[in-house]
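*Asks:* To start, I am sharing the structure in question, which I have written as structure tokens.
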Amino acid sequence: QKEVEQDPGPLSVPEGAIVSLNCTYSNSAFQYFMWYRQYSRKGPELLMYTYSSGNKEDGRFTAQVDKSSKYISLFIRDSQPSDSATYLCAMSPPGTYKYIFGTGTRLKVLA
Amino acid sequence: ETGVTQTPRHLVMGMTNKKSLKCEQHLGHNAMYWYKQSAKKPLELMFVYNFKEQTENNSVPSRFSPECPNSSHLFLHLHTLQPEDSALYLCASSQEMGEQFFGPGTRLTVL
């Protein structure tokens, strides 16, 4: 079993839809969680960084962590064609530089 | 320059060549990372440096040789690579074990 599981997609949604992107993980020691957006031929861009459980909101983006279910989500409200990209989750236990990444979910927002 | 920069952006090399990738961070961070990104695979951590000291070496073949002369610069020296080493090589930096910020990557093709 992989430490981090992420559906590769592609996920296609109409413009304006609410998008839900998810990752599951197996290591209960993970405490730090990140979401990145990566456009084609570019480096990953950090969107959200959260610690432990709960929600964090930034503009149209909300990150949610459910440690009891070992499940994290990224919600995108009012999705735009410019949100079309690959979204990567990453997570880490405390006391290490080593983050484990998911394979990424490819999102297409259709105009 | 801002953020994390990488040069060159594209590199084509033969299996007998020697080349180097360069990364520079302008964020005042103390940790720097090399990752390999291949199609349909999660980001693979290769090396981590904290305050110029290597703290992680993720069983990377010796044909990849990192160098970190100071906390702002990181190099990846390449020699006698194989075609399967073709990938996007990403550099990142962080303050301690916090969120990681990535550069744009070097697209490497080994012929």
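*Asks:* For residues in segment A:85-111 being of a type in the set (Gly, Ala, Ser) and surrounded by 19 or more Cβ atoms within 10 Å (Cβ to Cβ), which is modelled with the lowest pLDDT? Walk me through it before giving the result.
*Replies:* Step one: list which residues in segment A:85-111 are of a type in the set (Gly, Ala, Ser), which gives A:85, A:90, A:92, A:95, A:102, A:104, A:111.
Now restrict to residues that are surrounded by 19 or more Cβ atoms within 10 Å (Cβ to Cβ): A:85, A:90, A:92, A:102, A:104.
Details: A:ALA85: 97, A:ALA90: 96, A:SER92: 92, A:GLY102: 95, A:GLY104: 95.
Checking each candidate, the answer is A:SER92.
*Asks:* While we're here: Go through the residues of segment A:85-104 one by one and say whether even a single one is over 15 Å from the mean Cα position of the chain (by Cα) and more than 14 Å from every other protein chain (Cβ to nearest Cβ).
*Replies:* In the first step, residues of segment A:85-104 are kept if they are over 15 Å from the mean Cα position of the chain (by Cα); the result is A:93-98.
Within this subset, residues satisfying the condition of being more than 14 Å from every other protein chain (Cβ to nearest Cβ) are none.
There is no residue in segment A:85-104 that is over 15 Å from the mean Cα position of the chain (by Cα) and more than 14 Å from every other protein chain (Cβ to nearest Cβ).
*Asks:* I would also like to ask the following. Residue under question is A:LEU107, and the condition is that it be away from chain B (no Cβ under 14 Å), within 20 Å of A:ARG41 (Cα to Cα) and either under 10 Å from the mean Cα position of the chain (by Cα) or not small (Gly, Ala, Ser) (or both); does it hold? First the steps, then the outcome.
*Replies:* On the way: away from chain B (no Cβ under 14 Å): yes; within 20 Å of A:ARG41 (Cα to Cα): yes; either under 10 Å from the mean Cα position of the chain (by Cα) or not small (Gly, Ala, Ser) (or both): yes.
Yes, satisfied.
*Asks:* Something else now. Looking at segment A:15-42 only, could you name the residues that are touching a Pro at 6+ places or on another chain (Cβ under 8 Å), of a type outside the set (Phe, Trp, Tyr) and at pLDDT 95 or above? Write out each step before concluding.
*Replies:* The first filter runs over segment A:15-42 and keeps only residues touching a Pro at 6+ places or on another chain (Cβ under 8 Å), leaving A:15, A:27, A:29-32, A:36-38, A:42.
Subset that is of a type outside the set (Phe, Trp, Tyr): A:15, A:27, A:29, A:31, A:37-38, A:42.
A:GLU15, A:ARG37, A:GLN38 - these are the residues of segment A:15-42 that are touching a Pro at 6+ places or on another chain (Cβ under 8 Å), of a type outside the set (Phe, Trp, Tyr) and at pLDDT 95 or above.
*Asks:* Just checking, how many residues over segment A:62-79 are closer than 13 Å to A:MET34 by Cα and of a type in the set (Gly, Ala, Ser)?
*Replies:* 2
*Asks:* Quick one: count up the residues across segment A:43-77 that are touching a Cys at 6+ places or on another chain (Cβ under 9 Å) and either loosely packed, with under 15 Cβ neighbours inside 10 Å or more than 21 Å from B:PRO42 (Cβ to Cβ) (or both).
*Replies:* Of the residues in segment A:43-77, 1 are touching a Cys at 6+ places or on another chain (Cβ under 9 Å) and either loosely packed, with under 15 Cβ neighbours inside 10 Å or more than 21 Å from B:PRO42 (Cβ to Cβ) (or both).
*Asks:* Oh, and also: Hey, among the residues in segment B:1-46 that are more than 14 Å from every other protein chain (Cβ to nearest Cβ) and among the β-branched types (Val, Ile, Thr), which one's surrounded by the fewest Cβ atoms within 10 Å (Cβ to Cβ)?
*Replies:* Here the residue is B:THR16.
*Asks:* Something else: Of the residues that make up segment A:32-42, is at least one surrounded by 12 or more Cβ atoms within 10 Å (Cβ to Cβ), more than 10 Å from the chain's Cα centre (by Cα) and among the hydrophobic types (A, V, I, L, M, F, W, C)? So that I can check it myself, show each step before the final result.
*Replies:* Applying the first criterion (surrounded by 12 or more Cβ atoms within 10 Å (Cβ to Cβ)) to segment A:32-42 yields A:32-39, A:42.
Then keep just the ones that are more than 10 Å from the chain's Cα centre (by Cα); that gives A:32, A:38-39, A:42.
Those left that are additionally among the hydrophobic types (A, V, I, L, M, F, W, C): none.
No: segment A:32-42 contains no residue that is surrounded by 12 or more Cβ atoms within 10 Å (Cβ to Cβ), more than 10 Å from the chain's Cα centre (by Cα) and among the hydrophobic types (A, V, I, L, M, F, W, C).
*Asks:* Filter segment B:17-41 down to the residues that are of a type in the set (Gly, Ala, Ser) and farther than 12 Å from B:SER94 by Cβ and list them by number.
*Replies:* Step one: list which residues in segment B:17-41 are of a type in the set (Gly, Ala, Ser), which gives B:20, B:28, B:31, B:38-39.
If the condition is that a residue be of a type in the set (Gly, Ala, Ser) and farther than 12 Å from B:SER94 by Cβ, then B:SER20, B:SER38, B:ALA39 are the ones that fit.
*Asks:* Taking B:SER20 as meeting all but one of (1) in contact with a His (Cβ under 7 Å, 6 or more places away or on another chain); (2) outside any strand (DSSP E or B), write down the number of the exception.
*Replies:* (2)
The values are calculated or read from the model by the stated rules, or taken from the named source; none is laboratory data. Quick caveat, the model's predicted, so the values are computed rather than measured. Glycine also receives a Cβ, built like all others from the backbone with ideal geometry; neighbour counts cover every protein chain displayed.
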